[in-house]
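Notes for the one structure printed next.
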Amino acid sequence: MSRFAKAVSVLSPVIAVAAALLVGGLVVMAIGESPLRVYSILFRGAFGSVDSLGYVVFNACPLIFTGLAVAFAFRAGLFNIGGEGQLYVGSFVCAWVGLKLGGVPAALAVPLLVLASAAGGAAWAAIPGFLKARFGVHEVINTIMLNFIAIGLTSYFVINVFKEPGQMTPQTAEIAASGQLPRLAGALQSVGIPLPAANPLNASILIALGAVWAAWFILNRTTLGYEIRAVGLNPSAAEYAGINVRRMLVVAMMISGAFAGLVATNEIMGFRYRYLDNFSAQIGFMGIAVALLGKNTPLGVLFAALLFGVLNTGALEVDVFTDVPRELILVLQAVTIILVVVANEVLTKKLREREAGAASQATEESA
Amino acid sequence: MFELTVFDAALRMATPLIFAALGGMFSERSGVVNIALEGILLTGAFASILVTYQTGDPWLGAFAGLLAGVLVSAIHAVVSITFKANQIVSGVAINLLAMGATQFLTWIIWGSSANSPPVEGMSYWALPESWGAVARAVNVVIGHYPPLVYIAFASVVIAHVTLWRTAFGLRLRAVGEHPEAADTLGINVHRLRYAGVLLSGALAGLGGAFLALNTHQFVKNMSAGRGFIALAAMIFGKWNPVGALFACLLFGYAEAVQMGLQGRGIPSQFVQMIPYVLTMVALVGVIGRARPPAASGKPY
């Protein structure tokens, strides 16, 4: 990659975020508030205390998983907008297994539930992967449809089969204590970081960091990852090179779905300890934004998820202390996505022109 | 399950779907995937209530819904046609934008995080009774549903004729199937794609207006996945206006039945899933393969 190309891949997200903040500032001004005041409250709300920083990381955690899901599939040339459905199925399977683990020691229960979460998401993602590989049906429509089917199915099971007796809330009973992930407050306090005990930050973030590393390792250091990227860049060429393209499509979808399913480690194992009907507030869809902003690389996803964690956490303060409702953040995030794709196209075009210019110059010189 | 009330409810449920599905069809026929239908419905719903609330005229409100739909789809057109960015991404972003912006504005304008105050709906069409028996007979037909229900059905006919019997329709299809060929023949690909996308915004915006005016208020996220059901209906109807109409009626019927089932021990979730499952089955080709326009989704 040339230096200019590298600059483009870093620049377009930065430009997009800056421009989105500018647009948001104009909106804030239009309703008669001061953008500076609102943004300073936003960032104070996120960075103001150890507690709020804990929330930033906690809020980023599920987005890391769904962002990785989208990014990984994208590298295989697949558009997985089914993260929402996959995380529901993964979380439901996790809670279901978790309910049955009474008496199983944590050393066994925790890995088992992590596996169950990933397997649930992977199985749900395998469906559109298979339909694409076998029948050539585009995965976008099928993943959308499967989102709704997953919501319906999990909702049915939670309300009609697994609902905690005597409760009105559509949720399951608590999973076995041995399957619950510890909160990090205790551990951080013992090394001198004063994170309040009530902070929900939990060990799932370590799994998320592991997932970032795993996604990077699979993509860049394994034959499987090489084949997946080859299929993503040019399926026909990959086919001629002897890669089983159909198999790769299914495998890539399943790994992608597994990442989405791992949202359960934060939501079920680390936070709620139970499955709550319809708990995901667009976490799956936000994963698309995170992946785009992170340029579909695992490390990029990590940073983008943290940025969204900052916005989501700070939004609560903005909601409380100004006349600006917290939905401003949703608008900011949407504008960021639009701008990042536009900035990307514009800068890529510039890059191509520049390279074409350089190439013609080179031929002129050699002539 | 087959009472007249269910049929009535089914038609009302189907109406926003018909508008949005026709919209989606025009966009996809021109080669632009439009999963922003969901957000356009929502924006149309919001704009229609805002203007009806301000002016007291639901017709102006419906027109505002249409205009808002055009505006939102214009974003999609600029991003995906002019800038050639990924159409799915643009659609996802617009859906988020619509969700955030409508809730944001509901709070700013009405001070509520959930819904608008109630507004007057559209009065039904009726000829004056003094015109005698004929007028009364006509009124039985045209005065039974809100006007937009009839307009939805009329739109199906107009869309069918436009798509299959006009030069515009032929060019639109050409641009969606093979833009290079169309370009060679001197057809302005970008202009036609803009037309397809803006048309989809107008129709889906009107669908949103019906949704909200029929409820007499704006409720946050009131589109509730209907944009995606409309997308499903468009696919199930094989990208044809008449096919989409029947799919919408079927899905509207499923929705009406599902509402009737609530509290009767039959799990409503399974009825709700019908459109989504049917669409996947249709795409695989069990009941006649549903094939999208060849260049749909590809920037040109």
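The values are calculated or read from the model by the stated rules, or taken from the named source; none is laboratory data. Computed from a prediction, not measured in an experiment: that's the story for all the values here. Because the Cβ atoms are built from the backbone with ideal geometry, glycine has one as well, and the counts that use them run over all protein chains shown. In case anyone asks, the SASA skips ligands and DNA or RNA and just uses the protein heavy atoms, side chains included. Shrake-Rupley method; radii C 1.70, N 1.55, O 1.52, S 1.80 Å.
Subtracting the Cα-Cα distance of B:Leu60 and B:Asp8 from 0.36 nm times their residue separation leaves 16.2 nm of extension gain.
Accessible surface buried by the A/B pair amounts to about 3500 Å², both sides summed, 1.4 Å probe.
Of the residues B:Lys238, B:Lys220, B:Lys84, the one that moves most in a GNM of chain B with alpha-carbon contacts below 10 Å is B:Lys84. Among the residues of the stretch B:211-246, those with an accessible-area drop of 20 Å² or more from chain alone to full protein complex, heavy atoms and 1.4 Å probe, are B:Phe228, B:Leu231, B:Ile235. Counting only alpha carbon atoms, the long axis of helix B:37-55 and the longest principal axis of chain B meet at about 50°. In straight-distance terms, cross-link reach from A:Lys100 covers every one of the lysines whose alpha-carbon lies under 23 Å from its own, apart from those fewer than eight places away in the same chain; here that gives A:Lys163. Modelled label positions at B:Met259 and B:Ser113, each set 7 Å beyond Cα in the direction of Cβ, lie 2.7 nm from each other. Dividing the helix sum by the residues of the protein assembly as shown, where each DSSP H run of 4 or more adds -39500 (n - 2.57), gives a mean residue ellipticity at 222 nm of -24500 deg cm²/dmol. Relative to the dominant Cα principal axis of chain B, helix B:133-142 is inclined by about 50°. Residues in the stretch A:50-321 average 38 Å² of solvent-accessible surface per residue, probe 1.4 Å, ligands and nucleic acids excluded. Applying 1/(1 + (r/R0)^6) with R0 = 30 Å to the Cβ-Cβ distance of A:Phe43 and B:Ala224 gives a FRET efficiency near 0.30. For A:Ile127, the solvent-accessible surface with a 1.4 Å probe is about 60 Å², rounded to the nearest 10.
Multiplying the residue separation of A:Arg352 and A:Lys6 by 0.36 nm and subtracting their alpha-carbon distance yields 123.2 nm. Hey, which lysines would be in cross-link range of A:Lys295, C-alpha to C-alpha under 30 Å, not counting anything within fewer than 8 residues on its own chain? In chain and number order, the partners are A:Lys6, A:Lys132, A:Lys349, A:Lys350, B:Lys84, B:Lys298. Note on A:Arg134 and B:Arg291: the model spin-label points, each 7 Å out from Cα along the C-beta direction, lie 2.2 nm apart.
In this rough spin-label picture, where each label sits 7 Å from Cα along the Cβ direction, the B:Arg165-A:Gln361 distance is 6.0 nm. Helices of chain A meeting both criteria, an alpha-carbon length of 20 angstrom or more along the long axis and an average Kyte-Doolittle score not below 1.0, with helices taken as full DSSP H segments, are A:3-30, A:50-75, A:106-135, A:139-160, A:204-221, A:245-261, A:298-321. Quick check: at a probe of 1.4 Å, how many percent of the accessible area of the stretch A:50-321 sits on carbon and sulfur atoms? Using a 1.4 Å probe with all protein chains present, the stretch A:50-321 comes out at 67 percent carbon and sulfur.
Averaged per residue, chain B has 40 square angstrom of accessible surface, using a 1.4 angstrom probe with ligands and nucleic acids left out. Of the residues A:Ser40, A:Ser52, A:Ser256, the one that moves most in a GNM of chain A with alpha-carbon contacts below 10 Å is A:Ser40. Accessible surface of B:His216, taken over heavy atoms with a 1.4 Å probe and every protein chain present, rounds to 80 Å².
Across the protein chains, with a 1.4 Å probe defining accessible surface, the residues A:Phe271, A:Phe92, A:Phe308 rank A:Phe271, A:Phe92, A:Phe308 from largest area downward. Anyone know which of B:Val140, B:Val281, B:Val149 comes out most mobile in the 10 Å Cα GNM of chain B? It is B:Val140. Taking the C-alpha atoms only, the angle from helix B:241-261 to the longest principal axis of chain B is near 40 degrees.
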